[in-house]
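Here the structure is laid out as structure tokens; the discussion comes afterwards.
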Amino acid sequence: MAEPPQRPAGGASPVIIGLNAVIAIVEDGAPRALCTRAPAGEPSLPYGPFDPSRHRTFEIGLREWVERQTSVRLGFVEQLYTFGDKGREAPAALLQGEDADARVVSVGYLALAAEAAAIDAADAQWRSWYELFPWEDWRRGPPPAIDAAIRPGFAAWFERASDAQTRNDREARVALAFGFGECAWEEERALDRYELMYEAGLVAEAWRDRAAAGLRPPGGDEALTRQTGVSMRSDHRRILATAIGRIRGKLKYRPIVFELTPRRFTLLTLQQTVEAVVGFNLHKQNFRRSVESAELVERTDLTIQQASGRPAALFEAAANSDRAASGLSIPRLKTDAPPLPA
């Protein structure tokens, strides 16, 4: 365990570097992230402090923490983002032994896997993204949370605006993020949507954090937060929202979907994996046509028997595809999908 940081001369608060991991898979039609259970019962991402005396690099420290907390050994990882906003550690992203006044800067990493690793740690589990962000999954039609909590919650937030300009700004930001009015739903805006809900007091973390800081409640009806997903420790839901937006965006310029599928797959499995990640249904024929015309997959000589009908052909990612420059076309079905441009 890292020694608590020494307070700098002059009384300035020490800075602690924390390491967070978002480890994502798709299993049984659900995108999942590996979580640990915090002492208060909230799920958290695997995380721990960077110890410069023991960790030669951030990544080495991250791998050590993940394996210690979850018994999962990471493969490929990439840096996601550095989270250093003042106040993000309220309530403190507590790392054992840290100074209570320390400023916590988190370096987030993203890892993708084709299947769920076996978990030996008692407090680790794979959690669906959509338990945490229920408004992001449109595959079965409009999420109930939209009309039950989000629209009325934002309407009340607009009413609480101090002046007409503030109200107009809030309405415009919400419309852009959630695809209301003439705006289109953009799946990459997962972080924008979460941060707006935090600002409006529509997620439990907003109430928890303001209470911990001795501030007034954010306003509105706290009961609405029971319908807007499971809260996470510290700002870990914000970090996970950042990762979701990153993964969804990268699908379009680099087919990272193959890192979430087994080596051999049917085109239906590939489509369902993309649908799970982006949160809406795709046009089957257009999707298959785009994948094959872009030469992203190669058909093998193998087939697999389906529950009904003829055996389905098995495919592999094309060996000669330029994954750094090629992405997927994501043809959205218009029926019961997120709003499209008017």
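The values are calculated or read from the model by the stated rules, or taken from the named source; none is laboratory data. What you see is a predicted model; the values in this text were computed from it and never measured. Positions of Cβ are generated from backbone atoms using ideal geometry, with glycine treated the same way; all protein chains shown enter the neighbour counts.
Some points to look at:
- Members of region 267-311 that are part of a helix (DSSP H, G or I) and farther than 30 Å from TRP135 by Cβ: ARG289, GLU292, SER293
- Considering residues of region 152-175 that are within 24 Å of the chain's Cα centre (by Cα) and touching a residue at least 12 places away in the same chain (Cβ under 8 Å) only, the residue surrounded by the most Cβ atoms within 10 Å (Cβ to Cβ): VAL174
- Residue in region 179-195 that is among the hydroxyl-bearing types (Ser, Thr, Tyr) and either modelled with pLDDT of 95 or more or more than 30 Å from PRO262 (Cβ to Cβ) (or both) present: yes
- Qualifying residue in region 48-68 (condition: modelled with pLDDT under 80, basic (Lys, Arg), surrounded by fewer than 16 Cβ atoms within 10 Å (Cβ to Cβ) and closer than 23 Å to GLU259 by Cβ): no
- Unmet requirement for LEU240, which otherwise passes all of (1) outside the structural domain of ALA161 (by TED's automatic domain parsing); (2) without any contact (Cβ under 8 Å) to a residue 40 or more places away in the chain: (2)
- If you check LEU110, LEU132 for being surrounded by 15 or more Cβ atoms within 10 Å (Cβ to Cβ), out of contact with any His (no Cβ under 6 Å at 6 or more places or on another chain) and at pLDDT below 95, only one passes: LEU110.
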